[in-house]
Amino acid sequence: MPPHAVSRLRSARLARSVKPFLARGGPKGERCAGCRLILSHCLCALRHSVPTRSGMCLLMADIEPLKPSNTGWLIADVVPDTFAFGWARTEVDPALLRLLADPQWQGYVVFPGEFVAPERVVNQVKHDHARRPLFIMLDGTWAEARKMFHKSPYLNQLPVLSLNPEQMSRYTLRRSKRDDHFCTAEVGAMCLELAHDTHAADTLNAYLDVYTEHYLKAKHQQAVDLDDAVHRGLRALR
């Protein structure tokens with residue numbers, strides 16, 4: 001399977017690095033280029049792309065593509081029309097501007113409505129036969145996401161999709177201090193659900209569960225059980 005947008009962005013970011021990026025807290029050993037896990041816990045055979053009407057656009061903070069715990073990568077594994085761009089305050093990738101201007105897409109900036117002017121905030125996705133939803137996700141820490149939102153004037157004309165999830169975050173790899181802060185893949189799954197891409201949403205959630213299991217088992221040098229509940233859940237969606 002060819003490299004997806006986040007993988008290509010990671011390669012470009014590595015090429016610019018003056019020194020090698022060393023992931024904190026992860027196990028030592030060679031990592032798979034396809035899933036970023038150590039080879040004994042590789043996830044690539046379980047990767048499953050699902051056709052969607054929705055697209056995903058990840059604006060990624062500087063070193064976010066390099067982190068093995070980044071879950072925007074999982075979105076790109078599942079959603080075929082995933083685009084990824086590095087974010088910088090002083091410049092913008094012309095390809096991103098072309099994407100935002102493409103008439104086939106209706107862009108939504110995914111961001112908490114409590115921090116946005118009320119007239120920009122929407123809570124539902126418009127189902128338009130002419131334009132497909134494109135969810136623009138600010139992939140980084142909360143502080144980085146706020147900076148990206150406020151320092152990206154090219155996003156100002158777009159509606160802001162504010163999610164009101166009832167569940168608490170299940171993500172345990174990079175836990176936020178707040179239970180209502182969701183990882184990128186969880187937010188992506190919620191967006192897909194709103195857009196009626198239900199099978200893709202379910203697949204992404206199940207894939208996140210499997211990825212988390214592999215990551216933690218690798219970290220603690222434990223074997224993965226390919227027939228446990230999370231793996232069976234993902235297989236059932238194929």
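Scanning the stretch 106-122 for residues that are surrounded by fewer than 12 Cβ atoms within 10 Å (Cβ to Cβ) and in a helix (DSSP H, G or I) yields GLU114, PRO118, GLU119. Just so you know, in the stretch 45-94 the residues that are without any contact (Cβ under 8 Å) to a residue 60 or more places away in the chain and among the hydrophobic types (A, V, I, L, M, F, W, C) include one that is least open to solvent (accessible area, probe 1.4 Å), and it is LEU66. When the stretch 91-105 is limited to residues that are under 13 Å from TYR154 (Cβ atoms) and assigned to a loop (DSSP other than H, G, I, E, B), the one that is modelled with the lowest pLDDT turns out to be GLU91. When the stretch 203-238 is filtered for residues that are under 17 Å from CYS35 (Cα atoms), open to solvent by 40 Å² or more (accessible area, probe 1.4 Å) and part of a helix (DSSP H, G or I), the ones remaining, listed by number, are ASN205, ASP209, GLU213, LEU216, LYS217, LYS219. So, ASP139, is that one under 19 Å from PHE83 (Cα atoms), open to solvent by 10 Å² or more (accessible area, probe 1.4 Å), touching a residue at least 12 places away in the same chain (Cβ under 8 Å) and acidic (Asp, Glu) or not? It is false that ASP139 is under 19 Å from PHE83 (Cα atoms), open to solvent by 10 Å² or more (accessible area, probe 1.4 Å), touching a residue at least 12 places away in the same chain (Cβ under 8 Å) and acidic (Asp, Glu).
Here is a check on your reading of the model: is HIS127 in a loop (DSSP other than H, G, I, E, B) and at pLDDT below 95?
Details: in a loop (DSSP other than H, G, I, E, B): yes; at pLDDT below 95: yes.
When the stated conditions are applied, HIS127 passes them.
Does any residue of the stretch 174-196 turn out to be open to solvent by 60 Å² or more (accessible area, probe 1.4 Å), more than 17 Å from the chain's Cα centre (by Cα) and at pLDDT 95 or above? Yes: the stretch 174-196 contains one or more residues that are open to solvent by 60 Å² or more (accessible area, probe 1.4 Å), more than 17 Å from the chain's Cα centre (by Cα) and at pLDDT 95 or above. From the list MET148, MET137, the lone residue that is assigned to a helix (DSSP H, G or I), at pLDDT 95 or above, in contact with a strand residue (DSSP E or B) (Cβ under 7 Å, 6 or more places away or on another chain) and not hydroxyl-bearing (Ser, Thr, Tyr) is MET148.
The values are calculated or read from the model by the stated rules, or taken from the named source; none is laboratory data. Bear in mind that the values here come from a model prediction, so they are computed numbers and not experimental data. As a convention, Cβ positions derive from the backbone with ideal geometry for all residues, glycine included, and neighbour counts pool all protein chains shown. What goes into the accessible areas is simple: the full protein's heavy atoms, side chains included, and nothing from ligands, DNA or RNA. Shrake-Rupley method; radii C 1.70, N 1.55, O 1.52, S 1.80 Å.
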